[in-house]
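Here is the structure we will look at.
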């Protein structure tokens, strides 16, 4: 397993966060992602997986603990400041502007640096070739899988150093799910440190370098994807035996 | 455990069933120029678990909406237990014993989880000022409903959340509440729209046992799902939709061998470790022989 490098790209220390006063969803979550790693986060329903990503991205107030990006403290920064620092986030649902075209959606991802559009578009359409041919189509007319591609592309427009993905395979047909995972893997190989939350745990662990099992807001288990896939405790509590 | 011999004659799309609970004929729904659903003929076998699969945008959810009165088709007829359901409004369809759940959950956020469950019960006596003065009349029923709700919630691992607002549940938990609430009505046919999307795998597995239990009690289940392990595990029959039409039917193992289904829906990586596809790991050859 890749040990923590001196300055990980993202590191959270004893993170506490929640929505209602007095109720913490995250109860001291620790995680690190080294440069170029693909990290998978799995866990039961209500474990705080989505909340964790939102906390990193400044959408949920952190009550205690710290988040660092390349060694700099980013705890409490707003989402727009984080985007400028190179953090990209793809939410679970409602993640495209349906009334805008694909092109406009991509431009939205780059509003802080519009000059780089042509160059970034080339990179993004290199990974998502089919989008390049349909730039004028309205995002609202796309299927679920296509929207997911647009949302990921938009996050990639800013040339992020780290990409946060919330269930990129949700609601997709099996062939599209596999495609989504392969794309995520490609994005990661292009040098983007990626942290993904997934419910399709087996597929996620198959492609990720390291995984974390989140339970009740704490990182209960961690290891390489392979270790977690074969860990009897993780199988019993979380993965189940169907499809093994 | 699996029911077999459900069909009559040669297996082809639209094949007749021995004892159909739901029959649809020439059901067609158009949105402008787009034909979302164009089902010539399909029958759902009684007291069996049928899976409806197909690519994104095949019209599965629209077909659900049409069958349950949430949307009206441009043409076509369909019947439940031999009685036509055309122009029957959604709540009356539910009263006849056909309950559905939604892919995008519709939990009532500002009610507690328990109140959501109680609302699903068909045994509610209703509120009357005169009756409210005599708790004896309704106390017993209320308690029965609550016990039943609690039992179902336990199975869905939501019992600890029973006094929380439904709005405070996570996405997956809302999905579970939706399914739990549908079961409060003791339906004859329950139609589940992607019931396990967003539910963690271990809990999915225990809920599958529950669904098999429903069949044992005599219920019929029709579900849309992208999780092929689930389909293989519990479905007695599989119907494949693509571009609004029923394109294949049959027993799960047979359907999943169909090259057209693999090509358009399952994909070629279905049983392959994605680690090898993406070049992240090179598996020793032994694992292929397994």
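For residue B:1 and residue B:41 in the same chain, what is the full-extension length gain: residue separation times 0.36 nm, less their Cα-Cα distance, in nm?
So the extension gain works out to 11.6 nm.
Would you please calculate the Kirkwood hydrodynamic radius of segment A:72-118 over all C-alpha pairs and express it in Å, rounded to one decimal?
This gives a value of 12.3 Å.
Can you grab the distance from the C-alpha centre of segment A:45-95 to the C-alpha centre of segment B:133-167, Å, no decimals?
Using only Cα atoms to place each centre, the spacing works out to 38 Å.
Name the residue, out of B:111, B:52, B:207, whose mean-square fluctuation peaks in a Gaussian network model built on chain B with Cα pairs under 10 Å.
Per the Cα network of chain B with a 10 Å cutoff, B:111 tops the list.
To the nearest 10 degrees, how steeply does helix A:144-157 sit against the main Cα axis of chain A, on a 0 to 90 scale?
The angle comes out near 90 degrees.
Quick one: grab the alpha carbon gyration tensor of segment B:235-283, order the square roots of its eigenvalues as a ≥ b ≥ c, and give me rounded if a/c is under 1.5, else prolate or oblate depending on whether a/b is larger than b/c.
Prolate.
For chain B, what D do you get in µm² per second when you plug the Kirkwood radius from alpha-carbon pairs into Stokes-Einstein at 25 °C and 0.890 mPa s?
Answer, rounded: 119 µm²/s.
Using Cα-Cα distances under 8 Å and only pairs 6 or more residues apart, what relative contact order does segment B:108-168 have, in percent?
Once normalised by length, the contact order is 63 percent.
Mind jotting down the distance between the C-alpha centroids of segment B:103-125 and segment B:8-63, whole Å?
29 Å
Stokes-Einstein D for the protein assembly as shown at 25 °C, 0.890 mPa s, Kirkwood Rh over Cα pairs, in µm²/s?
The diffusion coefficient I find is 99 µm²/s.
Name all residues of segment B:8-27 having a backbone nitrogen under 19 Å from the label point set 7 Å from the Cα of residue B:96 along its Cα→Cβ direction, giving them as ranges.
It comes to B:17, B:19-27, nothing else.
Expressed in nm², what is the orientationally averaged projection area of the convex hull enclosing the Cα positions of segment A:159-207?
3.2 nm²
Report, as an integer, the average count of C-beta atoms from other chains found within 10 Å of each Cβ along A:42-54.
Averaged over the peptide's residues, the number is 4.
Under a 10 Å cutoff between Cα atoms, tell me which one of A:174, A:21, A:91 has the largest fluctuation in the Gaussian network model of chain A.
A:21
Report, as an integer, the average count of C-beta atoms from other chains found within 10 Å of each Cβ along A:166-177.
6
Would you mind ranking B:237, B:78, B:138 by Cβ crowding within 10 Å, fewest neighbours first?
B:138, B:78, B:237
Per DSSP H run of n ≥ 4, the term is -39500 (n - 2.57); total these for the protein assembly as shown, divide by its residue number, and report the mean residue ellipticity at 222 nm rounded to 500 deg cm²/dmol.
Dividing the helical sum by the residues of the protein assembly as shown leaves -9000 deg cm²/dmol.
Which FRET efficiency, nearest 0.05, do residue A:133 and residue B:28 yield, Cβ-Cβ r, R0 30 Å?
Efficiency, from the Cβ-Cβ distance: 0.45.
Cut-off is 10 Å between beta-carbons; in what order do B:7, B:210 appear when sorted fewest neighbours first?
Listing B:7, B:210 from fewest to most nearby Cβ atoms yields B:210, B:7.
Quick one: grab the alpha carbon gyration tensor of segment A:112-173, order the square roots of its eigenvalues as a ≥ b ≥ c, and give me rounded if a/c is under 1.5, else prolate or oblate depending on whether a/b is larger than b/c.
oblate
Assuming 0.36 nm per residue, please report the length gained on full extension of the stretch residue B:123 to residue B:243 beyond their Cα-Cα distance.
Taking 0.36 nm per residue and subtracting the Cα distance, the gain is 39.2 nm.
For residue B:141 and residue B:263, calculate 0.36 nm times their separation in residues minus their Cα-Cα distance, and state this gained length in nm to one decimal.
38.6 nm
Using only atoms on other chains, find how many Cβ atoms lie within 10 Å of each Cβ of peptide A:222-232 and report the average.
Per-residue shielding by partner chains comes out at 1.
Expressed in whole Å with the largest first, what are the equivalent ellipsoid semi-axes of segment A:10-238 derived from the C-alpha gyration tensor as the square root of 5 times each eigenvalue?
Working from the Cα gyration tensor, I get semi-axes of 28, 21, 16 Å.
Can you give me the Kirkwood hydrodynamic radius for segment B:108-168, using every pair of distinct Cα atoms, in Å to one decimal?
One decimal place: 12.4 Å for the Kirkwood radius.
Taking 7 Å along the Cα-to-C-beta vector as the label spot, tell me the residue B:154-residue A:143 distance in nanometres, rounded to one decimal.
According to this spin-label approximation, the distance is 4.3 nm.
Quick check on segment A:103-244: what are the equivalent-ellipsoid semi-axes from the Cα gyration tensor, as sqrt(5λ), descending, whole Å?
31, 16, 12
Using packing as a proxy for protection, rank B:62-74, A:220-232, A:35-47 so that the peptide with the highest average count of other Cβ atoms within 10 Å comes first.
A:35-47, B:62-74, A:220-232
Quick one: among A:159, A:219, A:14, which has the greatest mean-square fluctuation in a GNM of chain A with alpha-carbon springs under 10 angstrom?
With Cα springs under 10 Å in chain A, the top fluctuation among A:159, A:219, A:14 is at A:14.
What order, most packed first, do the peptides A:52-58, A:98-104, A:179-185 have when packing is the mean number of other Cβ atoms within 10 Å of each residue?
Ranking the peptides A:52-58, A:98-104, A:179-185 by packing returns A:52-58, A:179-185, A:98-104.
Let a ≥ b ≥ c be the square roots of the eigenvalues of the Cα gyration tensor of segment B:69-228; is it rounded (a/c under 1.5), or, if not, prolate (a/b larger than b/c) or oblate?
Oblate.
Semi-axes of the equivalent ellipsoid for segment A:25-112, please: Cα gyration tensor eigenvalues, times 5, square-rooted, ordered largest first, whole Å.
Whole-Å semi-axes of the equivalent ellipsoid: 25, 17, 13.
Ranked highest first by average number of other Cβ atoms within 10 Å, how do B:260-267, B:238-245, B:31-38 line up?
B:238-245, B:260-267, B:31-38
Over all directions, the average projected area of the alpha-carbon convex hull for segment B:1-122 comes to how many nm²?
If I average the Cα hull's projected area over directions, I get 9.8 nm².
Run through the DSSP bridge list for chain A and note the antiparallel percent, rounded to the nearest 5.
55 percent
Taking the Cα-to-Cβ direction at residue B:104 and at residue A:119 and moving 7 Å from each Cα, how far apart do the two end points lie in nm?
3.8 nm
Counting DSSP beta bridges in the protein assembly as shown, what percent are antiparallel, to the nearest 5?
Among the beta bridges of the protein assembly as shown, antiparallel pairing accounts for roughly 60 percent.
State, in angstrom, two size descriptors of segment A:173-244 derived from its alpha carbons: Rg to one decimal place and Dmax to the nearest whole number.
So, for segment A:173-244, Rg and Dmax equal 12.5, 35 Å respectively.
Rounded to the nearest 5, what % of DSSP beta bridges with both residues in chain B are antiparallel?
Here the antiparallel bridges make up roughly 60 percent for chain B.
How far apart, in nanometres, would the label points at residue B:87 and residue A:182 be if each is projected 7 angstrom from Cα along the Cα-to-Cβ direction?
5.1 nm
We did not get these values from a lab; they are worked out from the coordinates using the rules stated. In this text the structure is predicted, and so the values were computed from the model without any measurement. Please note: Cβ atoms are built from the backbone with ideal geometry, for glycine as well, and neighbour counts cover all protein chains shown.
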